[in-house]
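S.K.: Here it is, the structure in full.
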Amino acid sequence: VAAASIMWSVESKAQCNVLTGPLSEDFDSQTGGNYITPDLPSCWEYYSTATYPYAYVRNYALYANSGVNSLYWYRSSSSSYNGDSTAVMSPKFDLSAGNYEVKFSTRATSTSTSYNNVYYVGVADSAGTPSSITVVDTFVISSTTHTEYTVDLDASSGVGTDDSRVVFMMIGDG
């Protein structure tokens, strides 16, 4: 999905210790960002290959599952951005034990056919190296009502011994 030859812009947070879980994040401790500065919590990572797609913490209660903030994603319908990607990566965990799962709630802002609400959940190494991303599952979000999804993070789903970050990703497909 992400190649080593792709240039990524980075918002990097302080190096953090490996967490043991569980982690619950509603993004409400953040003030809210924009397409240039995503305002992610400490120890989260953000990578983007181009202007679109992008993600940021948005302060808008209508989109939030609880509270007022959510992780907001946007992609352009222009084919100029085909193949470009954005990834938001969790803090580090020791995923090699194979006993983790990620649960998240999401919704579409629109179900219009001009929106392609495809999201990827994967894993990456502790540095969040783009070339280390392995996609574990793909979701097509087709409802404007929040729905909870669960992804098992074990060896049978593609999690390797060097993986330690959960990756949420969108790829531009115009």
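The values are calculated or read from the model by the stated rules, or taken from the named source; none is laboratory data. This is a predicted model, so every value here is computed, not measured. Glycine gets a Cβ as well: all are built from the backbone with ideal geometry, and neighbour counts include every protein chain shown. Heads up: the accessible areas ignore ligands, DNA and RNA and are worked out on the full protein's heavy atoms, side chains in. Shrake-Rupley method; radii C 1.70, N 1.55, O 1.52, S 1.80 Å.
S.K.: Within the stretch 137-150, work out how many residues are in contact with a Lys or Arg (Cβ under 8 Å, 6 or more places away or on another chain) and surrounded by 11 or more Cβ atoms within 10 Å (Cβ to Cβ).
M.R.: To start, the set of residues in the stretch 137-150 that are in contact with a Lys or Arg (Cβ under 8 Å, 6 or more places away or on another chain) comprises 141, 143-150.
Restricting the remaining residues to those that are surrounded by 11 or more Cβ atoms within 10 Å (Cβ to Cβ) gives 141, 143-144, 146-147, 149.
Total meeting the criteria: 6.
S.K.: Go through the stretch 53-73 and give me each residue that's more than 19 Å from Pro41 (Cα to Cα) and out of contact with any Asp or Glu (no Cβ under 9 Å at 6 or more places or on another chain).
M.R.: We begin by selecting, within the stretch 53-73, every residue more than 19 Å from Pro41 (Cα to Cα); these are 53, 62.
Listed by number, the list holds a single entry, Leu62.
S.K.: Related question: Within the stretch 141-156, count every residue that is under 14 Å from the mean Cα position of the chain (by Cα) and without any contact (Cβ under 8 Å) to a residue 24 or more places away in the chain.
M.R.: 0
S.K.: If you don't mind, there's one more thing I want to ask. Quick check on the stretch 149-164. Is at least one of its residues closer than 18 Å to Tyr63 by Cα, of a type outside the set (Ser, Thr, Tyr) and not in a loop (DSSP other than H, G, I, E, B)?
M.R.: Initial filter on the stretch 149-164 (closer than 18 Å to Tyr63 by Cα): 149.
Add one more test, that the residue is of a type outside the set (Ser, Thr, Tyr), and what stays is none.
Within the stretch 149-164, none of the residues are closer than 18 Å to Tyr63 by Cα, of a type outside the set (Ser, Thr, Tyr) and not in a loop (DSSP other than H, G, I, E, B).
S.K.: May I ask you to list the residues in the stretch 127-136 that are crowded, with 19+ Cβ neighbours inside 10 Å, out of contact with any Leu (no Cβ under 8 Å at 6 or more places or on another chain) and on the phi < 0 side of the Ramachandran plot? I'd like the intermediate steps shown before the answer.
M.R.: Filtering the stretch 127-136 down to residues crowded, with 19+ Cβ neighbours inside 10 Å leaves 128, 130, 132-133, 136.
Pick out the ones that are also out of contact with any Leu (no Cβ under 8 Å at 6 or more places or on another chain) and you get 128, 130, 132-133.
If the condition is that a residue be crowded, with 19+ Cβ neighbours inside 10 Å, out of contact with any Leu (no Cβ under 8 Å at 6 or more places or on another chain) and on the phi < 0 side of the Ramachandran plot, then Pro130, Ser132, Ile133 are the ones that fit.
S.K.: Search the stretch 66-84 for residues being part of a strand (DSSP E or B) and farther than 14 Å from Asn116 by Cα, and hand back the single one that is farthest from the chain's Cα centre (by Cα).
M.R.: Of the stretch 66-84, the ones part of a strand (DSSP E or B) are 69-74.
Pick out the ones that are also farther than 14 Å from Asn116 by Cα and you get 69-72.
Numbers: Asn69: 15, Ser70: 12, Leu71: 8, Tyr72: 10 Å.
Here the residue is Asn69.
S.K.: Then there's this: What are the residues in the stretch 85-111 that are within 15 Å of the chain's Cα centre (by Cα) and loosely packed, with under 15 Cβ neighbours inside 10 Å, if any?
M.R.: Across the stretch 85-111, the qualifying residues are Glu101, Lys103, Ser105.
S.K.: Quick check, is Pro53 open to solvent by 60 Å² or more (accessible area, probe 1.4 Å) and either more than 16 Å from the chain's Cα centre (by Cα) or at pLDDT below 95 (or both)? Talk me through it step by step, then tell me what you get.
M.R.: Working: open to solvent by 60 Å² or more (accessible area, probe 1.4 Å): no; either more than 16 Å from the chain's Cα centre (by Cα) or at pLDDT below 95 (or both): yes.
It is false that Pro53 is open to solvent by 60 Å² or more (accessible area, probe 1.4 Å) and either more than 16 Å from the chain's Cα centre (by Cα) or at pLDDT below 95 (or both).
S.K.: Further, regarding this structure: Over 21 Å from Gly128 (Cβ atoms), in a loop (DSSP other than H, G, I, E, B) and touching a Phe, Trp or Tyr at 6+ places or on another chain (Cβ under 9 Å) - does that describe any residue in the stretch 35-56? Before the answer, list the steps.
M.R.: Here is the first cut: in the stretch 35-56, the residues over 21 Å from Gly128 (Cβ atoms) are none.
Looking through the stretch 35-56, none of the residues is over 21 Å from Gly128 (Cβ atoms), in a loop (DSSP other than H, G, I, E, B) and touching a Phe, Trp or Tyr at 6+ places or on another chain (Cβ under 9 Å).
S.K.: Also, quick follow-up: Within the stretch 98-130, which residues are of a type in the set (D, E, K, R) and not in a strand (DSSP E or B)? Break it down stepwise before answering.
M.R.: Step one: filter the stretch 98-130 for residues of a type in the set (D, E, K, R), giving 101, 103, 107, 125.
If the condition is that a residue be of a type in the set (D, E, K, R) and not in a strand (DSSP E or B), then Arg107 is the only one that fits.
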